[in-house]
1. Using the structure shown, decide if Asp92 is modelled with pLDDT of 90 or more and in the same structural domain as Thr170 (by TED's automatic domain parsing).
2. Can you tell me which residue in the range 49-68 is modelled with the highest pLDDT, limited to those that are of a type in the set (S, T, N, Q) and not in a helix (DSSP H, G or I)?
3. How many of the residues making up the range 126-180 are within 16 Å of Arg106 (Cβ to Cβ) and in contact with a Lys or Arg (Cβ under 6 Å, 6 or more places away or on another chain)?
4. Among the residues of the range 101-129, write down those that are at pLDDT 90 or above, part of a loop (DSSP other than H, G, I, E, B) and among the charged types (D, E, K, R).
5. Considering the range 131-165 alone, what residues qualify as being part of a loop (DSSP other than H, G, I, E, B) and small (Gly, Ala, Ser)?
Amino acid sequence: MEKNKRHEDYALRQVMGEQARQTEKMKLSDGFADRVMQRVMEKSGEREVSHWSPLRKIAAAVAVILTISGIAYATYSAMSVAGDEEVVVIADVAEEKTAPADSLVRFEGQMLDKIMHRVASHYGRAVRFRNEELAGLRLSTVWNSKEPLSAFVETLNEFDGLRLTDRQDTIFVESVKAED
């Protein structure tokens, strides 16, 4: 009992100082630490801070880890949209690059005759423009060389005033009047 009393006195001196110990004597009880802490907070003007339980701390840590993992996975998924295919962007004839046979090729502002000759040579076809004015038409489109030629022809046929047909090892390019 005497040992506990000395321990209380020492702790009280440490926390509140010698002067506080002399002005107030505390009784021995199970809530000694709580009383000391309450008095210290009263003296310093602080209010009691609510503490998170260990379970809440664990839940918060798991939530942070899951959020970071989700962001990392979304970034990885966005970066690998094209898969293992190489994307070659062609913006000017002078900068034209030879793409591997299994790649996506993005033509940006290219003349139609350059686009068609590149695509036709891949499929072993010739190109014939029925209207030579179309050869200078500039287009932006994407070509997947893995797909059949018919898929690319369908894509270009969606442009207004343009019709492509694939007959007898030749791709024919012609203009059509827009329907009202």
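The values are calculated or read from the model by the stated rules, or taken from the named source; none is laboratory data. None of the values given here were measured: they were computed from a predicted structure. When we count neighbours, we look across all protein chains shown, and the Cβ atoms used for this are built from the backbone with ideal geometry, even at glycine.
1. no
2. Restricting to residues being of a type in the set (S, T, N, Q) and not in a helix (DSSP H, G or I), the top hit is Ser53.
3. 1
4. Arg125 - this is the single residue of the range 101-129 that is at pLDDT 90 or above, part of a loop (DSSP other than H, G, I, E, B) and among the charged types (D, E, K, R).
5. Within the range 131-165, Ser145, Gly161 qualify.
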